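So the structure is just underneath, and the comments pick up after that.
The values are calculated or read from the model by the stated rules, or taken from the named source; none is laboratory data. Computed from a predicted structure; not experimentally measured. Virtual Cβ from ideal backbone geometry, glycine too; neighbours counted across all protein chains shown. The area values use the complete protein model at the heavy-atom level, side chains included, leaving out ligands, DNA and RNA. Shrake-Rupley method; radii C 1.70, N 1.55, O 1.52, S 1.80 Å.
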Amino acid sequence: RPQFTDDCPPRVQTLAVVWAMAAISVVAMPAYDWAFPFFGRLLFGAAGALPWIAVLVVCAVLAWGSCRRRPWAWWGGVASAITAAATTMVTSIRLSSEEIVRTLPMAEDQRRILASIPWPGVWVISLGWIVVWGSMLVYLVTLRPYFRDD
């Protein structure tokens, strides 16, 4: 019998797996009191849980839509990557790594270990986010021809 992935090229399957792994990664967020970077602030508790649950749903839907090569999934991926890039960039510029470590719920020994790490400057961290989200956007652009209008 034909499989649902038969009509999905390996590069697009990889994208679907990336979206699925992003959705699955949300299960780790309760360990950090649902800390969610939101345009220069960290949201915690219920305020952080709601956007994380939205991330889980969006990523799961994008994984499904990508497997089926739906154009809306490609556009949704682009919009999601741009939104994630914007919020992580603004948050990394407005909050220092030390502030973020200080606010995360963790054991004191873990906090001491993280505090002892020499963190790079804000522009190095920002450059890292540009590389991460820029790579995702470039990958999405290379996959655009695979998403068809039916």
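Side notes on the structure shown:
- Where a residue in the range 131-150 is at positive phi and at pLDDT below 95 and its partner, wherever it lies, is assigned to a helix (DSSP H, G or I) and surrounded by 11 or more Cβ atoms within 10 Å (Cβ to Cβ), with Cβ under 9 Å and at least six apart: none
- Residue match in the range 14-37 (condition: open to solvent by 90 Å² or more (accessible area, probe 1.4 Å), aliphatic (A, V, I, L, M), at pLDDT 95 or above and within 20 Å of ALA86 (Cβ to Cβ)): no
- Any chance GLY48 is farther than 29 Å from PRO10 by Cα, small (Gly, Ala, Ser) and buried (at least 16 other Cβ atoms within 10 Å of the Cβ): yes
- Looking across TRP119, TRP123, one residue alone is out of contact with any Lys or Arg (no Cβ under 6 Å at 6 or more places or on another chain), free of Cβ contacts under 8 Å to residues at least 12 places away in the same chain and of a type outside the set (A, V, I, L, M). It is TRP123.
- No other residue among GLY77, GLY128 is closer than 25 Å to VAL27 by Cα and either free of Cβ contacts under 8 Å to residues at least 12 places away in the same chain or not in a helix (DSSP H, G or I) (or both) apart from GLY128.
- Condition met for ALA46 (closer than 29 Å to PRO145 by Cβ and at pLDDT 95 or above): no
- Subset of the range 53-65 that is crowded, with 20+ Cβ neighbours inside 10 Å and under 16 Å from the mean Cα position of the chain (by Cα) - its residue that is nearest to ASP7 (Cα to Cα): ALA63
- Cross-chain or 6+ apart pairs with Cβ under 6 Å, the range 39-52 first and part of a helix (DSSP H, G or I), then open to solvent by less than 20 Å² (accessible area, probe 1.4 Å): GLY48/ALA35; TRP52/VAL26
- Residue count for the range 104-116 satisfying the condition of being open to solvent by less than 70 Å² (accessible area, probe 1.4 Å), part of a helix (DSSP H, G or I) and touching a residue at least 12 places away in the same chain (Cβ under 8 Å): 1.
- In summary, GLY40 fulfils each of the numbered conditions (1) on the phi > 0 side of the Ramachandran plot; (2) of a type outside the set (Ser, Thr, Tyr); (3) loosely packed, with under 15 Cβ neighbours inside 10 Å; (4) over 17 Å from the mean Cα position of the chain (by Cα) with the single exception of condition (4).
- Scanning the range 99-130 for residues that are at pLDDT below 90 and of a type in the set (Asp, Glu) yields a count of 2.
- Between ARG1, ARG69, the distinction of being closer than 19 Å to LEU137 by Cβ, open to solvent by 30 Å² or more (accessible area, probe 1.4 Å), basic (Lys, Arg) and more than 18 Å from the chain's Cα centre (by Cα) belongs to ARG69 only.
- Of note, ALA23 satisfies the criterion of being assigned to a helix (DSSP H, G or I) and under 30 Å from THR5 (Cα atoms).
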